[in-house]
1. Give the span of the stretch 39-126's Cα atoms along each principal axis, as three whole-Å numbers ordered largest to smallest.
2. At 222 nm, what helix-only mean residue ellipticity would the chain give, in deg cm²/dmol to the nearest 500, using -39500 (n - 2.57) for each DSSP H run of four or more?
3. For T281, enumerate residues with amide H under 5 Å from its amide H, sequence gap 5+ or separate chain, H modeled in the peptide plane.
4. Quick one: grab Rg to one decimal and Dmax as a whole number for the stretch 78-216, Cα atoms only, in Å.
5. Helix by helix through the chain, keep the DSSP H runs that span 24 Å or more along the axis on Cα and average at least -1.0 on Kyte-Doolittle, and give those back in order.
6. Quick check: net charge around F110, other residues with Cβ under 15 Å of its Cβ, Lys/Arg +1 and Asp/Glu -1?
7. Restricting things to Cα coordinates, could you compute the convex hull volume per residue of the chain in Å³?
8. So which trypsin sites (Lys or Arg not before Pro) in the stretch 268-344 end up in coil per DSSP with only 14 or fewer other C-beta atoms within 10 Å?
Amino acid sequence: MYLIRTLHKYISLTVCGLWFLQALTGTILVFHREWDDALLGAPAAAVDLKRIDQRIVIEDRRHPNGGVTVLTASGGLPGFYDLYLREPNGTHLLRLDGKGDVLRDRPFDFDYCSMTAFQLMYLFHTSLFAGETGRIFLGLSGVLLITAVAFGLQLAWPPRGRWRNWLLPSRQKQPAMIWFTWHRAVGLWFVAPAIIFNSAGAILGLIEPIDELLGVSTQAPNVAPKPSAAFHIPASQAIETAIAQYPGSTFAVLEMPTEKSPRYRVRVKAPGEPRRVFGTTAVYVDATNGKVLASYDARTAPFATQFAMDTFPVHTGEILGLPGRVLSVVNGLWLMSMIALGFGLWWVRNRQKAQARLRARQA
């Protein structure tokens, strides 16, 4: 037990600052899309995909050296969209209403000072502003978190007949015992859901190497390169075609065609998918004639693929709907509480040891 206690303490002290910030930003981000749309103060407009087509054409003409790359649902309130616009200096993120009017223009991958607070928190929480390297680092820190939680669970596991005393700590006189009993009790209250939520977060950070290990892949159909002038079907037609493939589905993400790959990739949330907005069912539509080139139903994907795709809704709680998202918030609050209680326990014990050494020297 001494080795486990030592590893639990020093792993936690080493990474607790990062874990606290991850828990804080993650807790805020659970509902950030709804908050972000609400803070715009714009009334919801009836969705007119033809008007959004016009906005895409306008932005492409205004930016001949870049142009629109992706259109997504905002993920917050219904009827709002995000348009990703590539320019020589980086990518801009335009928030649109249902009529295609621009409500906000912010940088997406540059000029952090001009980003919204939610964008900054999202980039920090998912990558530490370091792209794939940052995601892998966070994945490894998540592995350390689960290891520390597992060690703590082994140390805190009550003897037979002592569960009530462990879960409901009695009054203590010694400061260190107060911190210790509450750290142990709070840890036991939520440890099982916390392991699930935080394990999913660690997997998300390491999802690319895990995908390679499991052989997860969705091969895009090959389409012969064609000049840009040949692109003539609008984005709205590609979206409508994809939704027609899966009746009852809702639009999630559209990737624009290029000269090298003249096809739309449309992601929809099909009925029964665990994600709240950004489903992973995909339809590839030929940009020149509107024909469906390929279709991938996430609900019938192999187990390894479904495991990889369901990691995100497990981490955010979306897999259980609104109650699951609330539990995800509770998980963040629990982790911050555990870090604060654990750090407080370490601080009090260190002060007591220092005072004992001082008394010994004085004696």
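Only the coordinates and a few stated rules stand behind these numbers; no lab work does. Quick caveat, the model's predicted, so the values are computed rather than measured. Positions of Cβ are backbone-derived with ideal geometry, glycine not excepted, and every protein chain shown enters the neighbour counts.
1. So the extents along the principal axes, rounded to whole Å, are 34, 32, 19.
2. -18500 deg cm²/dmol
3. V268, A270, A298
4. Reported Rg and Dmax, both Å: 22.2, 67.
5. Span-like helices, by this rule, are 2-29, 131-156, 175-205, 321-362.
6. Surrounding charge for F110 is -2.
7. Hull volume normalised by residue count: 185 Å³.
8. K291
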